[in-house]
Amino acid sequence: MAVSVIQPASAAAAPPQVSLNPTSGPAGSAVTVTGTGFKASTTGTVIVGSTTFAFQTTSAGAFSTGITIPAAAAGNLTITAKTSSIKASATFVVQAAPAPAPAPAISSAALRFGAATPGGPLASSELDEVATVSGEIPSIVMSYKDFLQAPPITELDAVRSRGATPLVTWEPWAWGGGVSQPAYSLDRITAGDFDGYISQWGQSLAAWGKPVMLRFAHEMNGNWYPWAEGVNGNQAGDYVAAWRHVHDVVAATGAVNVQWVWSPNVPYLGSTDLAGLYPGPGYADIVALDGYNWGTSQTWSSWVSPVDLLGPGISQLRALAPGKPVLIAETASSELGGSKAAWNTDLVSYLAAQQDVMGFVWFHMQKETDWRINSSDSSASAFKSALLARRS
């Protein structure tokens, strides 16, 4: 008797499948397409809209290839892979690209933000960096000139082209000459030794014609510049006399566009009393302070909050010059000794709450310590957030 053997039917071939990694993203995304169950050892094509990408399968009918989502793609995009008559598809979800961050602009906030950088107003890349890290374009750009330099009209134009106001710190000495410079003693300035030079500045600024803040002989209550009383042969009363003389020589040229900024250092134990250094309400348009949080960057320094650093000096300015706008003409913080990020936040919050404080200028330089806004990511982030909060 014959015996028949029934063979088991062979298992059905697995259907072709396609997977994507990632499965969603913006147009232009790079995507890996992986397939199985296709014709073995042959070429195939991935079809993405009107664009095709070739692939080669293995002996097992698998493949993996990279594609790019077309720039114009939107919504649910079908991605098809095929070899001969075998094909399979998967869907890629095209996500809308996030809106670009708004370009930095000058803020209309009552508290103005200014900056000083190593290269000055002509170093556009430095000022662009400040705008990027702070989220807004400085509305005040400060620069420094000594008594050997010509009126910086090109720099004033550069600041003006950025929509900002120039603040020129005009120093009556020769840079690099030290504190003892008898040629620049205050009584020589008052006697008229520099009147031709001072008039040249006045005439040039008058001809320029646009608003400019002139910060003459700053930090006069310290002892580190030759225009301070008690050094370089200067006596009590010499500073006010020299300031008034320089002011009057410039005013005589018709430079009505100049705002005079009287700018002492924050008072400290042993500093010269401000009352004897203030030239009077008719000789200063803005009163200012310079103050830094040195932290523990120096052997003599310690961490100090913005309120403790600037508050006492601001109170003295209000008493000396009631009704005058107050500018923090130089400030910054070290990273050493505390949280610079918290300090930045506290600074802007404190100053924004003072109705008579018109603005502050950040000393964005790496000098005695790293004063820069972006000395750390946390510092930069906090500074940017603080400026944004004061705009809200």
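The values are calculated or read from the model by the stated rules, or taken from the named source; none is laboratory data. Everything quoted here is computed from the prediction, not taken from an experiment. Cβ sites come from the backbone with ideal geometry, for glycine too, and all protein chains shown count toward neighbours. Please note that ligands, DNA and RNA were not included when accessible areas were found on the heavy atoms of the full protein model with its side chains. Shrake-Rupley method; radii C 1.70, N 1.55, O 1.52, S 1.80 Å.
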State the number of residues belonging to the stretch 71-122 that are crowded, with 16+ Cβ neighbours inside 10 Å, of a type outside the set (S, T, N, Q) and either on the phi > 0 side of the Ramachandran plot or assigned to a loop (DSSP other than H, G, I, E, B) (or both). 6
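State whether the residues of the stretch 77-85 include one that is polar (S, T, N, Q), within 19 Å of Pro16 (Cα to Cα) and in contact (Cβ under 8 Å) with a residue 60 or more places away in the chain.
yes
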Taking the stretch 136-151 and the residues there that are touching a strand residue (DSSP E or B) at 6+ places or on another chain (Cβ under 8 Å) and closer than 25 Å to Asn232 by Cβ, the one that is surrounded by the most Cβ atoms within 10 Å (Cβ to Cβ) would be Met142
What single numbered condition from (1) in contact (Cβ under 8 Å) with a residue 40 or more places away in the chain; (2) in a helix (DSSP H, G or I); (3) open to solvent by 40 Å² or more (accessible area, probe 1.4 Å) fails to hold for Gly313? (3)
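Here are some residues: Thr299, Thr331. Which one is among the polar types (S, T, N, Q) and in contact (Cβ under 8 Å) with a residue 12 or more places away in the chain? Explain how you work it out, then say what you get.
On the way: Thr299 fails: in contact (Cβ under 8 Å) with a residue 12 or more places away in the chain.
Being among the polar types (S, T, N, Q) and in contact (Cβ under 8 Å) with a residue 12 or more places away in the chain holds for just one of Thr299, Thr331, which is Thr331.
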What number of residues in the stretch 319-358 are within 15 Å of Ser263 (Cβ to Cβ) and either open to solvent by 40 Å² or more (accessible area, probe 1.4 Å) or out of contact with any Lys or Arg (no Cβ under 8 Å at 6 or more places or on another chain) (or both)? 9
Scanning the stretch 160-187 for residues that are among the hydroxyl-bearing types (Ser, Thr, Tyr) and touching a helix residue (DSSP H, G or I) at 6+ places or on another chain (Cβ under 9 Å), which turns out nearest to Ala329 (Cα to Cα)? Thr165
Pull out all pairs, ordered by first then second residue, where Cβ-Cβ is under 8 Å, the residues are six or more apart or on different chains, the first lies in the stretch 7-29 and is modelled with pLDDT under 90, and the second is of a type in the set (Gly, Ala, Ser) and surrounded by 13 or more Cβ atoms within 10 Å (Cβ to Cβ). Ala13/Gly37; Ala14/Gly37
Given Gly209, Gly178, which one is surrounded by fewer than 16 Cβ atoms within 10 Å (Cβ to Cβ), under 30 Å from the mean Cα position of the chain (by Cα) and on the phi > 0 side of the Ramachandran plot? Gly209
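Each row is one residue, and each column tells you yes or no for (1) surrounded by fewer than 21 Cβ atoms within 10 Å (Cβ to Cβ); (2) closer than 20 Å to Arg318 by Cα.
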{"site": "Ala228", "(1), (2)": "no, no"}
{"site": "Asn234", "(1), (2)": "yes, no"}
{"site": "Val258", "(1), (2)": "no, no"}
{"site": "Leu289", "(1), (2)": "no, yes"}
